[in-house]
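Reviewing the structure listed below.
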Amino acid sequence: MNKLRRTLPILALPLALLATACSTGATATEDDSTRRQLRELLDRQEIQALVDRLATALDEGRFDAFNTIYTADVKAESPGGEAQGRDAVIALASRNHSNERRAPHYISNVQIDLAGDHAAVRTNAVLAIVPTSTVDGKIAPEPLFTAGGTYRFDAVRTPEGWRFSRVETALVWTTGTLPS
């Protein structure tokens, strides 16, 4: 019996080491899972912020902000035309969003499908083209033109953060007459 009492702790040692190794492995796996979840949340937040910055840049005519929104080789397709490269996209946006009229962009229902350093993004959007000059300082009574549709973006992680490498705008409905 004494031999058994002395031998039992020695026999139990490998089991204790195995149990410790297994629990340490579980913690490492849990840490990896937590890091992945945090990375995904941060990626989603950064892509959402990119969508918001795009809407603000379009609303305010600040197309120089496109340098922090689009990749240099971005491809854009919209009812207002097509463009390849950031400079061409800036020219297209400048032509379609003049200082004489502004088009507030309301972008919602942002869906982000992440796949590593790439993401597919889909949103709904409504815009209203309104004249910026008013009569006697009064607010325009109604928009000249409104439209609703979707944006589809391809996003990529770059050394500077997430950027859109492709944007496609598709109209679903319109009201009014698009000013020329």
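The values are calculated or read from the model by the stated rules, or taken from the named source; none is laboratory data. Treat the numbers as computed from the prediction; the structure is a model and nothing was measured. Here the Cβ is made from the backbone with ideal geometry for all residues, glycine too, and neighbour counts use every protein chain on show. Just so you know, the surface numbers come from the protein's heavy atoms only, side chains and all, with ligands and any DNA or RNA stripped out. Shrake-Rupley method; radii C 1.70, N 1.55, O 1.52, S 1.80 Å.
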_Virtual spin-label span in nm between R53 and S108, 7 Å along Cα→Cβ_ = 2.5 nm
*Once the whole set of protein chains is in place, how much accessible area is left on D52, using a 1.4 Å probe, in Å² to the nearest 10?*
80 Å²
*Neighbour net charge for E60 - beta-carbon separation under 12 angstrom, K R +1, D E -1*: +1
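Let me have the relative contact order for the range 55-130, percent, based on Cα pairs under 8 Å that are six or more residues apart. Before the final figure, lay out the partial values.
Numbers: 106 pairs, mean separation 20.2, N = 76.
Result for the range 55-130 is 27 percent.
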*What ³J(HN,Hα) values, in whole Hz, does the Karplus curve 6.51 cos²θ - 1.76 cosθ + 1.60 give for the range 51-59 when θ = phi - 60°, with x put for Gly and Pro?*
4, 4, 5, 4, 4, 5, 4, 5, 4
*the range 51-180: D in µm²/s via Stokes-Einstein (Kirkwood Rh, Cα pairs, 4 °C, 1.567 mPa s)?*
84 µm²/s
*Stretched out fully, how many nm does the piece from T175 to R36 gain, at 0.36 nm a residue minus the Cα gap?*
45.6 nm
